[in-house]
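J.: If you scroll down you'll find the structure; I have some questions about it.
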Amino acid sequence: MVFWVFGYGSLIWNPGFEYDEKVLGYVRGYRRVFDLACIDHRGTPEHPARTCTLEKDEDSICWGIAYCIRGGPEKERLAMEYLERRECEYDSKSLVDFYKEAGPGHPLLEGVIVFTSTPDKISNKYYLGPAPLDVMARQIATAFGPCGNNREYLFRLEKAMFDIGHEDDYVTELAGEVRHVLEEIEKESIAAANVNVNVPSIQLQMLKPRQEVIAAME
């Protein structure tokens, strides 16, 4: 028994489950978008984070990593249970063809599992839909949850795509806009402190980006 799963978000740098093989490649007919809400990892129900999902687009390809799990039903069951808990905001599992880098025109693998989100706000409560770049950037810059802040997720994805040699222009542009928003928030924080504005401490905490985020901006 064996199955493959395609990672295009945090699974690229942090699969979190035991696998037997991984392959760099891409799927056709999909593009990566930040239209999915996360309310229990890097966001909250009151202030949801934005994480990536795949949107169908026949002219696009999406690079990522395919992971192979083999070794019998028990190992497969444990891996799938872990993935379904982790990807709980994704309401659909699809089977896709997977193409290897610099490979032939036909797919290397067929029937690769990919977790996606139905782009419908009525049937999928986690679907946020598209928004202007600056609106998404401010949401990502300020959202945080039990597993960390939303901006770290985006910056790690940006770095992961760079590390595998296939930067995503959409991710790069969004990350750049988030850095711009963080710079503006830092200026607002400094200005408020200089004029002794009575701002609640929790609000100042949200205004001031962490040092590691500032380092990531450099």
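J.: Any chance you could list the semi-axes, whole Å, largest first, of the equivalent ellipsoid that the Cα gyration tensor gives for segment 2-217, using √(5λ)? Display every interim value, and only then the final one.
T.: On the way: eigenvalues 236, 64, 51 Å².
So the three semi-axes of segment 2-217 are 34, 18, 16 Å.
J.: Taking neighbour Cβ counts within 10 Å as the exposure measure, how do Leu54, Leu78 sort from fewest upward?
T.: Least crowded to most crowded, the residues run Leu78, Leu54.
J.: Then there is this: Would you mind ranking Ser10, Ser92 by Cβ crowding within 10 Å, fewest neighbours first?
T.: Ordered from fewest to most neighbouring Cβ atoms within 10 Å, Ser10, Ser92 come out as Ser92, Ser10.
J.: Which of the trypsin sites (Lys or Arg not before Pro) found in segment 73-134 are loop residues per DSSP with 13 or fewer other Cβ atoms within 10 Å of their Cβ?
T.: Lys121, Lys125
J.: Name the residues whose placed amide hydrogens come within less than 5 Å of the amide hydrogen of Leu36, ignoring near sequence neighbours (fewer than 5 apart) on the same chain.
T.: Distant-sequence amide H within range of Leu36: Thr51, Thr53, Leu128.
J.: If you don't mind, another one. Could you tell me which of rounded, prolate or oblate describes segment 19-80, using a ≥ b ≥ c as the square roots of the eigenvalues of the alpha-carbon gyration tensor, with rounded for a/c under 1.5 and, failing that, prolate when a/b is larger than b/c and oblate otherwise?
T.: Details: a/c = 3.07, a/b = 1.24, b/c = 2.48.
Since a/c reaches 1.5 but b/c is at least a/b, the shape of segment 19-80 is classed as oblate.
J.: Right, here's the next one. Nearest 10 degrees is fine. How inclined is helix 133-142 to the longest principal axis of the chain, computing both from alpha carbons?
T.: On a 0 to 90 degree scale, this one is about 80.
J.: Next question. Each label point is 7 Å from the Cα along the Cα-to-Cβ direction; what then is the distance between the points at Glu76 and Ile61, in nm?
T.: The answer from the label model is 2.9 nm.
J.: Okay, next question. Answer with one residue from Asn149, Cys52, Gln139: the one whose Cα lies farthest towards the positive end of the charge dipole of segment 2-217, charges on Cβ with Lys, Arg +1 and Asp, Glu -1.
T.: Asn149
J.: Ranking Leu108, Leu11 by Cβ neighbours within 10 Å, fewest first, what do you get?
T.: Leu108, Leu11
J.: Okay, moving on. If one takes the longest principal axis of the Cα atoms in the chain, at what angle in degrees, from 0 to 90 and to the nearest 10, does the Cα axis of helix 73-86 lie?
T.: 30
J.: Also, quick follow-up: May I ask for the angle, rounded to the nearest 10°, between helix 169-194 and the longest principal axis of the chain, with both axes built from Cα atoms and the value confined to 0 to 90°?
T.: 20
J.: Select from segment 1-85 those GluC sites (Glu not before Pro) which occupy a DSSP coil region and have at most 13 other Cβ atoms within 10 Å, ordered by residue number.
T.: The qualifying sites are Glu18, Glu46.
J.: Over 22 Å between C-alpha atoms is what I'm after, so list which of Lys75/Lys100; Lys56/Lys121; Lys75/Lys125; Lys22/Lys125; Lys56/Lys125 land there. The partial results should precede the final answer.
T.: Working: Lys75/Lys100 25 Å; Lys56/Lys121 16 Å; Lys75/Lys125 31 Å; Lys22/Lys125 32 Å; Lys56/Lys125 19 Å.
Beyond 22 Å between Cα atoms: Lys75/Lys100; Lys75/Lys125; Lys22/Lys125.
Only the coordinates and a few stated rules stand behind these numbers; no lab work does. These figures come from a predicted structure and were not determined experimentally. Positions of Cβ are generated from backbone atoms using ideal geometry, with glycine treated the same way; all protein chains shown enter the neighbour counts.
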